[in-house]
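Beneath this line is the structure, given in structure tokens, with notes to follow.
The values are calculated or read from the model by the stated rules, or taken from the named source; none is laboratory data. None of these values were measured; they are calculated from a predicted model. In this analysis, Cβ positions are derived from the backbone assuming ideal geometry, glycine residues included, and neighbour counts consider all displayed protein chains.
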Amino acid sequence: MKFEPITPSDFAAYTATSPYKSFMQTPEIAKYREQNGWTPYYFAVTEDGQIKAATMLVAKPTFLGKSTFIAPGGPLLDLEDAKLVNFFFTHLRRYIKSHNGYTLQISPYYELIARNRNGEPVPGGFNHQKALKNLSNLGFKPLATPDQPKYLFVMDINNRTPDQLFADFKRNTRGHIRKAEKMGVKVRELDREELPILKQITESTSKRRDFTDKPLSYYEQMYDLFHAKGEVKFIVAEAHIEGAADNAVTWTGDAPGGGPPLSVSEVGEEKARQDPSREGIISSSTPLSTSMFILYGDEVVYLFSGSDEKYMKDYNAQYAIQWHMIKYAAKHGFQKYNFYGINGLPDVNSKDYGIYDFKKGFTSATTGHVVELIGTFSLPTNSFFYHLHSSLGKIKKSLKH
């Protein structure tokens with residue numbers, strides 16, 4: 001076996017065939033990280049000219065001139081193959097240490113235990129405890145703050161038609177979708193210049209639900225990197241609401257000709273002037289809910305969303321968005337619809353149980369399941385700086401409290 005650098009194009013070709021692929025392990029994400037101060041690297045283990053393992057890494061100086069190396073959503077290899085794991089990480093660790101790195105962080109898109117829709121282990125299902133042991137033997141330590149969700153909720157499409165999938169939804173989920181249609185909710189894709197609509201709603205949602213929202217620049221960069229390949233969609237659900245203060249939703253971009261910022265309604269009027277076929281699409285509608293989706297490999301990933309709290313109960317806009325994208329996924333040959341993160345295994349007493357219950361409602365016992373990923377880990381590559389950084393972090397945390 002050989003450990004060697006590879007080109008971004010060779011890496012992309014390998015990821016297309018890897019069962020462990022993730023949109024986080026793509027040259028596009030490497031470019032996004034590079035635009036934000038990171039340096040990307042690509043490595044592979046080859047045998048007889050065939051790639052057996054690979055990763056995209058990004059690095060940035062983070063502590064006393066020493067660098068953190070991260071494999072977001074990776075690396076891509078069979079973590080239960082002890083020989084391959086040892087060879088791969090031994091060489092990767094050696095490279096990182098020789099290039100001023102003091103730690104490696106990984107978050108493989110690798111399932112740990114087969115679970116059903118309720119989060120219970122599947123009798124006779126896989127259990128990749130050997131993968132955990134292989135990582136532990138090399139000195140990897142689990143991180144309490146994961147780089148990606150530990151638990152996901154996934155619907156298996158498996159060539160089912162939209163009608164077949166709809167029939168499997170819970171009764172109240174079907175009712176919410178029909179109500180949204182009755183209330184005149186329309187779903188469409190946002191153009192790049194309309195991303196401030198999404199940002200304004202996700203920002204207000206983040207304040208309401210106490211999570212950190214992404215900056216507008218993130219959504220714009222992701223659009224630029226993935227949209228031309230058809231691998232990202234920004235979706236809005238809208239409705240005509242009599243008496244709604246549409247113009248209160250401020251457009252944060254520049255108006256044509258350098259004028260003052262436009263409202264959502266004025267943006268619609270400007271688009272209609274430039275393209276009469278778009279008349280009425282925005283100008284008479286109020287944005288109710290927005291979402292971001294990644295379409296990569298055989299799955300559609302529901303990544304981020306937000307809703308206007310005033311209209312959540314009456315319009316069910318998020319149900320309309322999910323149904324729109326589930327139909328899209330089924331019609332375009334995607335095999336999985338990934339609702340993405342749930343906060344821990346399902347617990348009816350958890351304050352976030354509603355998130356899981358919402359996602360579960362789009363599935364049946366045969367189409368939905370909880371995915372438990374192996375987790376996020378760090379590996380010291382320079383023990384002195386790694387432990388110094390950890391000690392200073394603990395001191396800082398104790399002083400903060």
**Complete:** Taking region 76-113 and keeping only residues that are among the hydroxyl-bearing types (Ser, Thr, Tyr) and over 21 Å from SER383 (Cα atoms), one is left with TYR109, TYR110
**Prompt:** Got at least one residue in region 29-43 being over 24 Å from MET222 (Cβ atoms) and buried (at least 20 other Cβ atoms within 10 Å of the Cβ)?
**Reply:** yes
**Prompt:** Say we look at region 62-110 and pick out the residues that are over 23 Å from ALA131 (Cα atoms) and touching a Gly at 6+ places or on another chain (Cβ under 9 Å); which of these is surrounded by the most Cβ atoms within 10 Å (Cβ to Cβ)?
**Reply:** SER67
**Request:** Counting only residues that are under 18 Å from the mean Cα position of the chain (by Cα), in the same structural domain as GLU203 (by TED's automatic domain parsing) and surrounded by 17 or more Cβ atoms within 10 Å (Cβ to Cβ), give me the helices (runs of 4 or more DSSP H) lying completely in region 284-401 with at least 2 of them.
**Result:** 317-331, 353-360
**Message:** Give all pairs with beta carbons closer than 7 Å in which a residue from region 211-223 that is on the phi < 0 side of the Ramachandran plot meets a residue that is crowded, with 18+ Cβ neighbours inside 10 Å and assigned to a loop (DSSP other than H, G, I, E, B); count only pairs at least 6 apart in sequence or on separate chains.
**Reply:** none
**Request:** Please find, among LYS199, LYS271, the residue that is part of a helix (DSSP H, G or I), of a type in the set (Lys, Arg) and either closer than 22 Å to LYS310 by Cβ or modelled with pLDDT of 95 or more (or both).
**Result:** LYS199
**Complete:** So the strands (runs of 3 or more DSSP E) completely within region 1-117 holding 3 or more residues that are modelled with pLDDT of 95 or more and of a type in the set (Val, Ile, Thr) are 39-47, 50-63
**Item:** Test: THR173 is closer than 21 Å to LEU303 by Cα and not small (Gly, Ala, Ser)
**Value:** yes
**Fill in**
When LEU373 is run through (1) in contact with a helix residue (DSSP H, G or I) (Cβ under 8 Å, 6 or more places away or on another chain); (2) modelled with pLDDT of 95 or more; (3) of a type outside the set (Lys, Arg), the failure sits at (1)
**Fill in**
Every listed condition ((1) in contact with a Ser or Thr (Cβ under 7 Å, 6 or more places away or on another chain); (2) at pLDDT 95 or above; (3) within 30 Å of THR15 (Cβ to Cβ)) holds for LEU143 save (2)
**Message:** It is to be established whether one or more residues within region 173-182 are crowded, with 19+ Cβ neighbours inside 10 Å, not in a helix (DSSP H, G or I) and not acidic (Asp, Glu).
**Reply:** no
**Message:** Going through THR68, THR55, THR62, THR7 one at a time, which residue ends up being of a type in the set (Val, Ile, Thr), in the same structural domain as PRO108 (by TED's automatic domain parsing) and free of Cβ contacts under 8 Å to residues at least 24 places away in the same chain?
**Reply:** THR62
